[in-house]
Amino acid sequence: MSGAREALLRVAPGGVLGILGGGQLGRMLALAAAELGIESHIYCPDPASPAFQIAKQITCAPYEDEAALTAFAAGVDAITYEFENVPARTAAILSAAKPVQPTVHALETTADRLTEKTFIRSLGIGTAEFRAVDSHADLAGAVGVLGRPSVLKTRRFGYDGKGQTIIRPGHDLSESLDRMGGQPAILEAFVPFVAEVSVIAVRSDNGSVRTYDLVENEHHDHILDQSIVPSRLSALVEDQALSIAATIIAALDYVGVLAVEMFVTSDHTVLVNEIAPRVHNSGHWTQDACLVSQFENHVRAVCGWPLGSTERHSDAVMTNLIGDDINAWRALAAEPNAALHLYGKLEARTGRKMGHVTRISPRSR
Ligand SMILES: Nc1ncnc2c1ncn2[C@@H]1O[C@H](COP(=O)(O)OP(=O)(O)O)[C@@H](O)[C@H]1O
Ligand SMILES: [Mg+2]
């Protein structure tokens, strides 16, 4: 299938890619686009967006501003985004004017944990057992089936562990449900995982798919701390995980980069936790350990270029710089085998992703 026909060219060198969202992901997408001679136009409601600092064209307006969206779409050749919560109406307005990749279909499937897990199961891929929870009666019934501990999550808008709570033995169910703030929720069986892993995959609209090597992820306080490549997991687990990601990206008829987060259990079972329809924090190591990064491959895919190599030339450990961690920038900059990436955020608030450092060593396997 790979290379069977050329992808449809949407943005040639000199053209303009529109990017919704002005955080660090939008910024790194725009930097990668610049490397290919493609200009970026960043659209974001936040005047302090880090991506605004490095793009020639910006629109600072709400995602609901139809006039601003229409003007934005008129000035670009294609549109992509850095976050999964693009409002449906925004996506519809933009899609009517210019190609938007990944498509609204991918956004809709992955925006809601219930739809997402149902879709993954329909492909014959494992997830934690789950039940929809819309009421106190639903929750009592679901805990009866899935037991404790179990994990209660809002169906939409969760990130970095926000909008979720673990139901442990003795915990009051009403209190747990109240924490969801009345939003539709899902209860998941607790997975006693031995490792959390992810796969970054990219697909072109000619159907060719490439995956980066399996990444092992460690979290602190629900925020990604480190991504380690190669992972310490077996080749068997890696093969399973890569093939799961390839199945998902093809089933979504997806164009661009997508991340699949997974759990690995002690018996080497791989269960999908969630899909991110965008470039992902656990793929930042590709900037320094691969010939073509996740950001460049996303730009290539959405612009209709041939995909670039996803091969890894080095071992890598990527560490996020959260909040005050950034104060160590000078020592990090002096490390011989470290690549430092700072996002230009002015205020180092607690829990805020300020940058990352990727430490490289010769490829071991
Ligand atoms: N069903 C589960 N069993 C065990 N741990 C879980 C489960 N769901 C989530 N977690 C833990 O919580 C973290 C955040 O959950 P996740 O579903 O990825 O939400 P977010 O969108 O906030 O990243 C996961 O990386 C994992 O460590
Ligand atoms: Mg997650």
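Read-outs throughout are calculated quantities, based only on the coordinates presented, and are distinct from any laboratory measurement. None of the values given here were measured: they were computed from a predicted structure. Here the Cβ positions follow ideal geometry from the backbone for every residue, glycine too, while neighbour counts run over all protein chains shown.
Key figures
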{"read-out": "Length added when fully stretched, Thr269-Ser243, from 0.36 nm per residue minus Cα-Cα", "value": "8.0 nm"}
{"read-out": "Sites Ile223 and Ala48 - FRET efficiency at Förster radius 25 Å, r taken between beta-carbons, to 0.05", "value": "0.75"}
{"read-out": "Whole-Å semi-axes of the ellipsoid equivalent to region 280-343 (Cα gyration tensor, √5λ, descending)", "value": "26, 14, 9"}
{"read-out": "Given charges at beta-carbon only (K, R positive; D, E negative), |dipole| of the chain in Debye", "value": "300"}
{"read-out": "Positive-end residue, region 281-350 charge dipole about Cα centroid, Cβ charges, pick of Ala334, Trp305, Gly283", "value": "Trp305"}
{"read-out": "Binned Cα-Cα distances of region 1-87, short to long, each 5 Å bin given as a whole percent", "value": "3, 15, 26, 24, 16, 9, 4, 3, 1"}
{"read-out": "Cα-projected label distance for Lys56 with Val194, points at 7 Å along beta-carbon direction, nm", "value": "5.3"}
{"read-out": "The chain: relative contact order as a whole-number percent, Cα under 8 Å and 6+ apart", "value": "16"}
{"read-out": "Where the Cα pairs of region 37-93 fall when distances are cut into 5 Å bins, in %", "value": "4, 17, 31, 30, 14, 3, 0"}
{"read-out": "Theoretical FRET efficiency, 1/(1+(r/R0)^6), r = Cβ-Cβ of Ala74 and Arg5, R0 30 Å, to 0.05", "value": "0.50"}
{"read-out": "Max mean-square fluctuation residue, GNM over the chain, Cα-Cα springs under 10 Å, options Ser95, Ser49, Ser135", "value": "Ser135"}
{"read-out": "Per-residue [θ]222 nm for the chain (sum of -39500 (n - 2.57) over DSSP H runs n ≥ 4, rounded to 500)", "value": "-8000 deg cm²/dmol"}
{"read-out": "Lys pairs, the chain - Cα-Cα below 19 angstrom, 8 or more residues apart or on other chains", "value": "6"}
{"read-out": "Paramagnetic reach from Leu173 in region 130-148 [backbone N under 15 Å; point 7 Å along Cα→Cβ]", "value": "131-148"}
{"read-out": "Length gained when the stretch Arg365-Ala250 is fully extended (0.36 nm per residue, less Cα-Cα span)", "value": "38.6 nm"}
{"read-out": "Chain lengthening between Ala334 and Ser309 when straightened (0.36 nm per residue, less Cα-Cα)", "value": "6.0 nm"}
{"read-out": "Convex hull of Cα atoms in the chain, direction-averaged projection (nm²)", "value": "18.5"}
{"read-out": "Antiparallel bridges, percent of DSSP beta bridges restricted to the chain (to nearest 5)", "value": "80"}
{"read-out": "Kyte-Doolittle mean at least 0.5, axial Cα span of 20 Å or more - DSSP H helices of the chain", "value": "235-251"}
